[in-house]
Amino acid sequence: MKFNYTFLAAALLAATGCTKPAHVTFNGNIAGLTDATFFLKDAADSTIVAENINNGNVKVDAQLDNPGYGTLSINKNGSKEANNFEVYLESGAYTIAADAARLDHYPKITSSSSIQKELSAYYEIYEQVVATSHENRLKAEALLNSKKATTLTKNEYIALIDKVNAAQDAEEEAKINAFKTFVSKNPQSVASAHLMSKLEVDVDPVAYNDIYQKLSAAAKNTDDGKELGAKLQRLVKLVPGAEAPSIAGNTPDGKPFSKAGLNKKGYIIDFWRAANQVSRVNHQDMINVLQKDKNARQFGIISVSLDSKREWWTKAITDDNMTWPQYADLKGDESENAKNWMITTIPSYYLVDSQWHIIERNVDYNRLLFTIDSYVKKH
């Protein structure tokens, strides 16, 4: 008996439901661009395209095993600048256009993907609204980090810090306005929660929470949307003026935290870990600088360790000569303190007033002294 292998192969393919692998194609021309590279990463952060760009031409066809939010890069070879842009990849054809002299701007991408259309619409608004404030912030920070800044008097340096802070605040406000404009123009956007998750919502959680409430139900029900909603619910409780959370755990001799003994104008809440070198260095600076400054002395220090091993915690306290109050629940990353205060990096610093209300959260250590100076002068 002879077997019909052609018929058998066809039957097996049908039985296993075999389909043609998904593919994504990119075509375009970037006039004047030579000696450059086009990269494409999929939703699993795997590189699926790495092609040289010759005479500005982009023409690629890649198998797409992991559709979703990926990354597109167009970089001149040898350049230290990396131009990475978020794209939404799904099976189909994409065309791309960009300016060779402005590769740091989001390229024009045409696709049948509805989510990619939303990304393109958002980044177009973003660049229109944020561009000027972004440049101003970069200039202010460049001056702060220049040699000229080291020759300034204390008052001049404080004024420069204020200028940098104002530039940073202006850029953050522009980002909020850009996103608000996008949501207003695209109320049914599915990608809006994902885009919002990329923004620093903790800078102004109240403003972002107001915008979040206007997102579509579809956006809120995405994984990004659910995570973002929960995060904002916690963040709005940690805004300046709100009552600060209590501190979980005890001192090394077993005493729990109590607000009853607070007698300073304010407090630095220092979240640290024994194995974190930056924390340990900053403790010495607290002793040698902060505790000797006229205004900073009006603030107490309360350290909250996110260690899990008691012996590491107590040895570091002794070695660092930390004479101020120390607390820990010794649960490490699972600490109630990390959850309640939303600590995601170590070290982190809060400032609270004498009534245990938040003055500022996530204060950069280099700004602590200036923030305290400003607060003391006003209070």
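The values are calculated or read from the model by the stated rules, or taken from the named source; none is laboratory data. None of the values given here were measured: they were computed from a predicted structure. Glycine also receives a Cβ, built like all others from the backbone with ideal geometry; neighbour counts cover every protein chain displayed.
Worth a mention:
- Residue within segment 296-306 that is loosely packed, with under 15 Cβ neighbours inside 10 Å, within 21 Å of I247 (Cβ to Cβ) and modelled with pLDDT of 95 or more present: no
Conditions (1) assigned by TED's automatic domain parsing to the domain that holds V363; (2) crowded, with 17+ Cβ neighbours inside 10 Å; (3) part of a helix (DSSP H, G or I); (4) more than 17 Å from the chain's Cα centre (by Cα), marked per residue:
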{"residue": "A140", "(1), (2), (3), (4)": "no, yes, yes, yes"}
{"residue": "D169", "(1), (2), (3), (4)": "no, no, yes, no"}
{"residue": "T181", "(1), (2), (3), (4)": "no, no, yes, yes"}
{"residue": "K231", "(1), (2), (3), (4)": "no, yes, yes, no"}
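- Applying a threshold of 8 Å to beta carbon distances and a minimum spacing of six or more residues, or different chains, the list of pairs starting in segment 91-109 at a residue that is on the phi > 0 side of the Ramachandran plot and ending at one that is of a type outside the set (G, A, S) and surrounded by fewer than 19 Cβ atoms within 10 Å (Cβ to Cβ) reads G92/T25.
- Condition broken by V278, with the remaining ones in (1) part of a helix (DSSP H, G or I); (2) surrounded by 15 or more Cβ atoms within 10 Å (Cβ to Cβ); (3) in contact (Cβ under 8 Å) with a residue 40 or more places away in the chain; (4) not basic (K, R) satisfied: (2)
- Where K378 falls short, out of the listed (1) in contact with an Asp or Glu (Cβ under 8 Å, 6 or more places away or on another chain); (2) modelled with pLDDT under 95: (1)
- Matching residues, segment 187-209, being outside any helix (DSSP H, G or I) and in contact with a Phe, Trp or Tyr (Cβ under 8 Å, 6 or more places away or on another chain): S189, A191, L199
- Pairing residues of segment 55-80 that are free of Cβ contacts under 8 Å to residues at least 60 places away in the same chain and closer than 20 Å to D35 by Cα with residues that are among the charged types (D, E, K, R) and part of a strand (DSSP E or B), at Cβ distances under 7 Å and at least 6 apart in sequence or on separate chains, gives V60/E51.
- Tally, over segment 317-356, of residues that are modelled with pLDDT under 95 and among the basic types (K, R): 1
- One residue from K237, K226 being part of a helix (DSSP H, G or I), of a type outside the set (S, T, Y) and under 30 Å from S354 (Cβ atoms): K237
- Residue check, G249 surrounded by 14 or more Cβ atoms within 10 Å (Cβ to Cβ) and at positive phi: yes
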